[in-house]
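For reference, the structure discussed in these notes is given below.
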Amino acid sequence: MTSTIKEPMGKITTTLTIANRLDQGKAEDNLIPADRVRSITIKNVLVDTGATTLCLPQDAIAQLGLKLLKTVPVATVTGIGTARIFEDAKISLMGRDATFECIELPAGADPLLGVIPLEALGIELDLQKQTLVLLPLSPTASYLRI
């Protein structure tokens, strides 16, 4: 199964659905109705192997209501800076789900999907075809290792 949009100059973009995992837990425990779980779908998310994790603009983080975890130093194209990390962003991509921390980008910035979520979800890049490819997950083959 593949899920991507071909872009010029070797860019790979995809559509991500992101939910607030804390909201989902509250809904599972019947503390809030399921329709109050905050989630968004973002199109044209750049798959960026230079990014470590999920990077979301400030406005997307606010819509999701994610909680601040910490502020850390980060390496950017302009040098070392600081960034805020938020927790409990549950990504749904190509039929697979997992929960990650995300780095805050300025409001209006383009979201990025980095290598840690891709590896954890068992998704790799096919740069020649400019697509994302699901790695096997079956009784006879799996991308997961112990």
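So that you can scan it fast, the table gives a plain yes or no per residue for (1) polar (S, T, N, Q); (2) out of contact with any helix residue (DSSP H, G or I) (no Cβ under 7 Å at 6 or more places or on another chain); (3) open to solvent by less than 20 Å² (accessible area, probe 1.4 Å); (4) over 26 Å from Asp126 (Cα atoms):
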position: Thr14; (1), (2), (3), (4): yes, yes, yes, no
position: Val72; (1), (2), (3), (4): no, yes, no, yes
position: Gly81; (1), (2), (3), (4): no, yes, no, yes
position: Phe86; (1), (2), (3), (4): no, no, yes, yes
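Would you confirm, using the coordinates I've provided, whether Asp126 is surrounded by fewer than 15 Cβ atoms within 10 Å (Cβ to Cβ), under 15 Å from the mean Cα position of the chain (by Cα) and not hydrophobic (A, V, I, L, M, F, W, C)?
Judged against the criteria, Asp126 is not a match.
Here's the yes/no breakdown for (1) at pLDDT 95 or above; (2) under 20 Å from Thr13 (Cβ atoms); (3) in contact with a Lys or Arg (Cβ under 7 Å, 6 or more places away or on another chain):
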{"position": "Lys43", "(1), (2), (3)": "yes, yes, no"}
{"position": "Gly50", "(1), (2), (3)": "no, yes, no"}
{"position": "Gln58", "(1), (2), (3)": "yes, no, no"}
{"position": "Gly65", "(1), (2), (3)": "yes, no, yes"}
{"position": "Val77", "(1), (2), (3)": "no, yes, no"}
{"position": "Glu87", "(1), (2), (3)": "yes, no, yes"}
{"position": "Asp97", "(1), (2), (3)": "yes, yes, yes"}
{"position": "Gln128", "(1), (2), (3)": "no, yes, no"}
{"position": "Pro136", "(1), (2), (3)": "no, no, no"}
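The values are calculated or read from the model by the stated rules, or taken from the named source; none is laboratory data. This is a predicted model, so every value here is computed, not measured. We place every Cβ from the backbone using ideal geometry, glycine too, and count neighbours over all the protein chains shown. For the accessible areas, the whole protein counts, side chains as well, though only heavy atoms, and no ligand, DNA or RNA atoms are used. Shrake-Rupley method; radii C 1.70, N 1.55, O 1.52, S 1.80 Å.
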